[in-house]
Amino acid sequence: MSEIVNMPMAKALNAGLRAALAADEKVLLMGEDIGPLGGVFRITEGLQAEFGPRRVQDTPLAESGIVGTAIGLAMRGYRPVCEIQFDGFIYPAFDQIVSQLAKQTNRHGGTLSMPVVIRVPYGGHIGAVEHHQESPEAYFAHTAGLRVVSPSTPNDAYWMIQEAIQSNDPVLFFEPKSRYWPKGEVNLTESQLGLHQSRVAREGTDVTLIGHGAMVSTLLQAAEVAAGEGISAEVVDLRSISPIDYGPLLDSARKTGRVVVAQEAPENASVGSEIAATLAEKAFYSLEAPVLRVSGFDTPFPAAKLEGLYLPDADRVLDAVDRALAY
Amino acid sequence: MTLHTEQAPEPVRFLSADGTFAPTPAAEPFLARLDSLTDAHHERFYRDMVSVRAFDREATNLQRQGEMALFPPSEGQEGAQVGSAHAARPQDHIFPSYREHVVGMIRGVDPVNILSLMRGVTLGGWDPTDPKNGNFHLYTLVLGSQTLHATGYAMGQLFDGASGTGNVETDEATIVYFGDGSTSEGDVSEALVFAASHQTPQVFFLQNNQWAISVPVSVQSRTPLYLRGAGFGLPSVQIDGNDVLASYAVTSQFLDEARVGQGPRFIEAMTYRMGAHTTSDDPTKYRTNEERAEWGQRDPIVRFEAYLRARGASESLFTSAAEDAKDLCADVRARTLALEAPDFPTMFEHVYSEEHPRMREQSDWLTRYEASMTEDNR
């Protein structure tokens, strides 16, 4: 019998981190304000009290320092899990992530693994000030040597954080912060999917909606509205952004012939663009319409009062669905 | 406006430029470290400095002959590097920048492996996880990045309980090399912050060779750089980097203090890059002959040779050191020329530790594509 518990993603991540800390003494959590405070989003709440200040470390306020020292710790056999406080604060660590962390295994000819996880609360919908609502995942998906994932549900968050920590490769773990608090079912007994598998979140036959992170709930909402209008939409949750598990995407595209890819991130050179190009290459003869993208705009993430216009919502997705069906 | 550089007191120095043993006041606290050095140690220091100078010139020639993409020579910095390398104990870990060829050689790295990186046949060159390479980590070409890796590694030594027991024979420490230009990189400051915060068993070894390619150290800092370390709360000293004994004594004492739990330390070794930054550089565009000649008067090898001769070393040491260096160069040349380009599928190997679909797909594709280009398939 599986043990099923209803909890928000924030608690599921906390439980997943606790399980990882308990399972392997080489697992360390490092980040700004993650100790007594439990992180600004309280994801690590109670963990320092339980595992001590060495296993759950409040670091100096220096993102490059966090990732750079995590690399040294990984060389020593540790499995550091770094928390970057907000999406827009990851850039000071960019060199250490893309030039150092991502390349160590390759430069060492495979004799050294880099089991480092970098947790990044990301995305909008929280009405915050600048640098606090961004979606920078494409930068990292573009870099060889990194794995990039993003859960959309509490269940995935619980299992994927543990699987990311078990991975011997560096994993950028993007947490959709707007989804931290809605509750969902978590199967504490077994994981149904691997870290890099995509998932059909809702079956349908007329159009395929693809997204990751917080966008999955928007797509499900759009699919529900579409159903009321007699349109059967299939929703595919990417879960993994690098590598992308194209099997379920291609199966769905070949079945429906119409695809909309949605993302909070700006459109130019984005993950959605990559998916659109790949589906066009590999499912060309099955497509009835071009793959359409629904994205944030190619502007800075706007002032919070305008974020509702910037972020794709169900209406923007449905507008794209209408256009796809009109071909 | 002029740049003001606060003068440091006399650095730690045992050997004057002419080779006479004349410790400066700053050297007194480190004097006892020389007691354990035997004639055999002195000979080894000398041979290593002579070897790497010859290696340096051979490698530069190989680059000039089109056999390597690039080479960063270390001529002039042999004293700082040989002394500090011999100060490290076998259990210590060493994070170089990219000019510490002799440090690698002393730790057991085959010099041809260093040149394999410069020849463009690998992105690494040697396996730091193999004990035969003496815990000498890979070169890091982005300036200063390695200081954070070293600090993280030293944090691991600390967390493991591998340092701080008080036993200098077994407690571990880490030493990281970087240069005057790197001190302006944010990562170096962050490494000092983390090291001070955790009190890591670690020595920061700064070789101040006066020039960051074409920019003099006065543009990087208005204060002597050893004060940077002090500003982060690390015991910090400036040494004459062209005195191999000063480099040995201070590094040895600082590493032992760090390993037994007294926290990180900082050394600024004053030295001079006699050659170009790399073979792509032209120092005649930014330095004067006078300056170079002045530093030539303080050469680490000439100085140490005068000291050894005054101590009565036999002539055979000097002739055999020169012969051995020549043999090393011949061997390095022959084996470097034999380094072939790796097979192309290796490009896709070890990008990840675990299976990755894109690596497999792209490797397969390139294999088919290359096969389609062969004579039979045209």
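The values are calculated or read from the model by the stated rules, or taken from the named source; none is laboratory data. All of these numbers come straight from a predicted model, not from anything done at the bench. Backbone-built Cβ (ideal geometry, glycine too); neighbour counts: all protein chains shown. SASA here: full protein model, heavy atoms, side chains in, ligands and nucleic acids out. Shrake-Rupley method; radii C 1.70, N 1.55, O 1.52, S 1.80 Å.
When +1 charges are put on Lys and Arg Cβ atoms and -1 charges on Asp and Glu Cβ atoms, the dipole computed for chain A relative to its Cα centre reaches about 760 debye.
For A:K26, a cut-off of 25 angstrom between C-alpha atoms picks up these lysines, skipping any fewer than 8 places away in its own chain: A:K11, A:K103.
Across the options A:Q48, A:A70, A:I84, the greatest Cα extent toward the positive end of the charge dipole of segment A:31-109 (unit charges at beta carbon of Lys, Arg, Asp, Glu) belongs to A:A70.
The residue among B:A162, B:S84, B:W126 whose Cα reaches farthest toward the positive pole of the charge dipole of chain B, with charges on the beta-carbon of Lys, Arg, Asp and Glu, is B:S84. Summarised as an ellipsoid, segment A:9-86 has semi-axes of 18, 15, 10 Å, derived from the eigenvalues of the Cα gyration tensor scaled by 5 and square-rooted, with the largest first.
Counting each DSSP H run of 4 or more residues in chain B as -39500 (n - 2.57), what helix-only mean residue ellipticity at 222 nm follows after dividing by all residues, to the nearest 500 deg cm²/dmol? The helix contribution divided over chain B gives -13500 deg cm²/dmol. The charge dipole of segment B:25-337, taken about its Cα centre with unit charges on the Cβ atoms of Lys, Arg (+1), Asp and Glu (-1) only, comes to about 440 debye. Our coupling estimate for segment A:146-163, obtained by passing each phi through the Karplus curve with A = 6.51, B = -1.76, C = 1.60 and θ = phi - 60°, is 9, 10, 10, 9, 8, x, 10, 10, x, 5, 5, 4, 4, 7, 5, 5, 5, 5 Hz, Gly and Pro reported as x.
Computed on protein heavy atoms with a 1.4 Å probe, the accessible areas place A:F94, A:F297 in the order A:F297, A:F94, largest first.
Run through the DSSP bridge list for segment B:25-337 and note the antiparallel percent, rounded to the nearest 5. Of the beta bridges lying entirely in segment B:25-337, close to 10 percent run antiparallel.
Note on the protein assembly as shown: Kirkwood hydrodynamic radius from all Cα pairs is 27.8 Å, rounded to one decimal.
Distance from the alpha carbon centroid of segment B:201-280 to that of segment A:259-299 works out to 53 angstrom.
Note: chain B, Cα convex hull, 171 Å³ per residue. Each part reduced to its alpha carbon centroid, segment A:95-145 and segment B:128-188 end up 23 Å apart. Taking segment A:199-326, how much of its Cα-Cα pair set, in percent, is spaced more than 26 angstrom apart? Of the Cα pairs, 13 percent sit more than 26 Å apart. Within segment B:187-316, the proportion of Cα pairs with more than 22 Å between them is 48 percent.
Entry note, chain B: relative contact order of 24 percent, from Cα contacts under 8 Å with a spacing of 6+ residues. Report summary: the helix-based calculation at 222 nm, which adds -39500 (n - 2.57) for every DSSP H run with n ≥ 4 and divides by the residues of chain A, gives -10000 deg cm²/dmol. Each of B:A306, B:W211, B:A230 was placed along the dipole of segment B:194-343 (beta-carbon charges, centred on the mean Cα), and the one lying farthest toward the positive end is B:A230.
When all protein chains stay in place and ligands, DNA and RNA are ignored, the 1.4 Å accessible-area order of A:R54, B:R335, B:R33, largest first, is A:R54, B:R335, B:R33.
Mean partner shielding of peptide A:144-153, defined as the number of other chain Cβ atoms within 10 Å of each residue Cβ, is 2. Annotation for segment A:21-58: GluC sites (Glu not before Pro) lying in DSSP loop with at most 15 further Cβ atoms inside 10 Å of their Cβ are A:E25.
Of the GluC sites (Glu not before Pro) in segment B:134-216, the ones in a loop by DSSP (not H, G, I, E or B) with at most 16 other beta carbons within 10 Å are B:E169.
Here the protein assembly as shown is assigned +1 on the Cβ of each Lys and Arg and -1 on the Cβ of each Asp and Glu. Its dipole about the Cα centre then comes out at about 380 debye. Rounded to the nearest Hz, the phi-derived 3J(HN,Hα) couplings of segment A:72-81 under the Karplus curve 6.51 cos²θ - 1.76 cosθ + 1.60 (θ = phi - 60°) are x, 5, 5, 4, 8, x, 8, 10, x, 10, where x marks glycine and proline. Under the combined filter of DSSP loop state and at most 10 neighbouring Cβ atoms within 10 Å, segment B:1-107 retains these GluC sites (Glu not before Pro): B:E6.
Computed with a 1.4 Å probe over protein heavy atoms only, the accessible area of B:V109 comes to about 0 Å². Normalised by the number of residues in chain A, the average gap of Cα pairs under 8 Å and 6 or more apart makes the relative contact order 16 percent.
Taking all protein chains together, B:T251, B:T223 sort by accessible area into B:T223, B:T251, largest first [probe 1.4 Å].
Take every pair of alpha-carbon atoms less than 8 Å apart whose residues are at least six positions apart; their mean separation over the length of segment B:63-200 yields a relative contact order of 27 percent. Considering only B:T147, B:T288, B:T279, the mean-square fluctuation computed in a Gaussian network model of chain B, springs between alpha carbons under 10 angstrom, is largest for B:T288.
For chain A, the fraction of C-alpha pairs more than 29 angstrom apart is 36%.
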